[in-house]
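The values are calculated or read from the model by the stated rules, or taken from the named source; none is laboratory data. Note that the structure is a prediction, hence the values are computed from the model and not measured. All Cβ positions, glycine included, derive from the backbone under ideal geometry; neighbour counts span all protein chains shown. For the accessible areas, the whole protein counts, side chains as well, though only heavy atoms, and no ligand, DNA or RNA atoms are used. Shrake-Rupley method; radii C 1.70, N 1.55, O 1.52, S 1.80 Å.
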Amino acid sequence: MRNVIRFAARPGPWKRGPVLAALGLLLGLLMLLHAQVPDAWGLGSLVETFLPWFGLCVPVLLAGALWRRSASAVVALLLPALVWLSLFGGVLGNTSHSGGDLTVVSHNVGAGNPDPVGAAHDLAASRADLLALVEITPQAEATYDKELATAYPHHEVRGTVGLWSKLPLSDTRTVDVAMQGMAGPLAAHLSAEERKPTPRALRATVTTDRGPLAVYVAHLGSVRLMPRGGYRTEQRDAGAQALAEAVAAERNERVVLLGDLNGTMDDRAFDGLTSQLRSAQDAAGEGFGFSWPATFPVARIDQILVRGVQPKSSWVLPATGSDHLPVAAGISW
């Protein structure tokens with residue numbers, strides 16, 4: 001009789017696991033309304049940078065719901081599951097196509113790269129038509145010049161960014177991305193004199209058999225997670241705005257933006273760019289195309305963005321000794 005009373009007194013499956021159900025609903029609302037998360041101390045940017053990874057919470061909470069035999073928690077988890085699929089379900093398939101008129105590669109070669117010669121050879125082996133390199137130290141610039149000269153007879157360098165091309169380049173100029181001076185990993189490899197403000201973005205015209213193509217190469221400011229200051233993104237955000245203004249003023253209909261933007265395209269800081277350009281990875285890639293850190297990539301902060309051309313394919317190249325992986329894309333007219 002006691003056992004019968006105990007069994008009858010147990011909460012039903014719809015009353016079990018209220019905490020798990022609440023967590024599931026909160027997770028779904030966080031992903032659904034991520035753009036409404038206040039950006040105080042960079043919280044909004046931090047959430048959006050790692051937004052795809054919030055999906056891992058769903059199976060964890062589901063395991064807890066099944067263990068608790070909580071029907072309410074299982075139903076509540078439908079919200080975050082559906083929101084995640086609506087946001088990122090498209091990347092689960094392969095949208096790439098063969099062919100392409102032009103292959104481009106973007107790579108943060110790493111100021112501390114112990115083997116720039118090997119990195120140059122690996123990049124040349126990709127047979128890309130355009131190579132955009134950022135975080136080039138003055139010491140390594142001569143190495144890249146020498147090792148890439150045969151495959152890429154045309155190149156331009158401004159400050160710590162450069163473009164190597166198989167096709168002629170013209171109208172190259174520096175683009176101001178609001179950098180106040182060197183900071184982050186690159187600064188550790190520069191002298192005090194070299195840490196002074198130096199170009200971190202350029203714009204060049206590439207002559208193709210289909211007409212001119214405007215190419216931008218950029219390395220925006222680093223972000224920092226500070227115990228007291230939060231997720232510091234001010235310099236990166238200012239650079240993103242300046243770059244968006246430069247692209248908006250670009251007269252050429254065909255534009256490719258390459259570089260380390262130190263942020264994912266889910267981050268609200270890049271709304272000015274994503275409203276004008278589309279991500280090659282989102283349009284024609286397989287998976288998320290994470291590029292950083294090279295040892296265990298968790299975010300795609302190295303970007304290939306286009307306007308006026310059609311992304312045909314997008315992929316990530318093997319490691320080169322840098323803390324970033326190179327990213328590549330095939331584009332067509």
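Some points to look at:
- Filter result for P311 (over 16 Å from D176 (Cα atoms) and open to solvent by less than 10 Å² (accessible area, probe 1.4 Å)): yes
- The residue that is nearest to the chain's Cα centre (by Cα), counting only those in region 289-308 that are open to solvent by 60 Å² or more (accessible area, probe 1.4 Å) and not β-branched (V, I, T), is W292.
- Once region 291-315 is narrowed to residues that are among the hydrophobic types (A, V, I, L, M, F, W, C) and touching a helix residue (DSSP H, G or I) at 6+ places or on another chain (Cβ under 9 Å), the residue that is farthest from W333 (Cα to Cα) is V298.
- Tabulated pairs, region 124-140, first within 12 Å of V104 (Cβ to Cβ), second surrounded by fewer than 24 Cβ atoms within 10 Å (Cβ to Cβ) and at pLDDT below 95, C-beta under 9 angstrom, 6+ apart or interchain: D129/D101
- Selection count where residues are part of a loop (DSSP other than H, G, I, E, B) and open to solvent by less than 20 Å² (accessible area, probe 1.4 Å), scope region 136-155: 3
- Residues satisfying the stated conditions in region 64-80, i.e. under 26 Å from A299 (Cβ atoms) and surrounded by 19 or more Cβ atoms within 10 Å (Cβ to Cβ): L77, P80
- S98 meets all of the listed conditions (1) of a type in the set (S, T, Y); (2) outside any helix (DSSP H, G or I); (3) within 22 Å of the chain's Cα centre (by Cα); (4) loosely packed, with under 15 Cβ neighbours inside 10 Å but one, namely (3).
- Condition check for S106: modelled with pLDDT under 95 and crowded, with 19+ Cβ neighbours inside 10 Å: no
- Residue, farthest from the chain's Cα centre (by Cα), within region 223-245, restricted to residues that are at pLDDT 90 or above and open to solvent by 90 Å² or more (accessible area, probe 1.4 Å): E245
- Filter result (open to solvent by 10 Å² or more (accessible area, probe 1.4 Å), under 19 Å from R300 (Cβ atoms) and of a type outside the set (D, E)) within region 111-135: S126
- Hits in region 199-222 (condition: surrounded by fewer than 20 Cβ atoms within 10 Å (Cβ to Cβ), farther than 22 Å from G263 by Cβ and either in contact with a Phe, Trp or Tyr (Cβ under 7 Å, 6 or more places away or on another chain) or not polar (S, T, N, Q) (or both)): D209, R210, G211, P212
- Scanning region 41-59 for residues that are over 17 Å from E234 (Cβ atoms) and surrounded by fewer than 17 Cβ atoms within 10 Å (Cβ to Cβ) turns up F50, W53, L56, P59.
- Here A76 meets the list (1) in contact with a helix residue (DSSP H, G or I) (Cβ under 6 Å, 6 or more places away or on another chain); (2) free of Cβ contacts under 8 Å to residues at least 12 places away in the same chain almost entirely, failing just condition (2).
- Restricting the first member to region 29-48 and to residues that are part of a loop (DSSP other than H, G, I, E, B), and the second to residues that are of a type outside the set (A, V, I, L, M, F, W, C) and open to solvent by less than 80 Å² (accessible area, probe 1.4 Å), the beta-carbon pairs closer than 6 Å and six or more apart or on different chains are V37/G44.
- Filter pass, V60 being modelled with pLDDT of 95 or more, of a type in the set (V, I, T) and over 23 Å from the mean Cα position of the chain (by Cα): yes
- The residue pairs whose first member lies in region 150-168 and is closer than 15 Å to V256 by Cβ, whose second member is at pLDDT below 95, and whose beta carbons are closer than 8 Å, counting only pairs six or more residues apart or on different chains, are V161/P199.
- Qualifying residue in region 266-274 (condition: of a type in the set (S, T, N, Q), under 24 Å from W41 (Cβ atoms) and open to solvent by 30 Å² or more (accessible area, probe 1.4 Å)): yes
- The C-beta contact set for region 83-94 (first residue in contact (Cβ under 8 Å) with a residue 60 or more places away in the chain and at positive phi, second residue buried (at least 16 other Cβ atoms within 10 Å of the Cβ) and charged (D, E, K, R), distance under 9 angstrom, 6+ apart or interchain) is empty.
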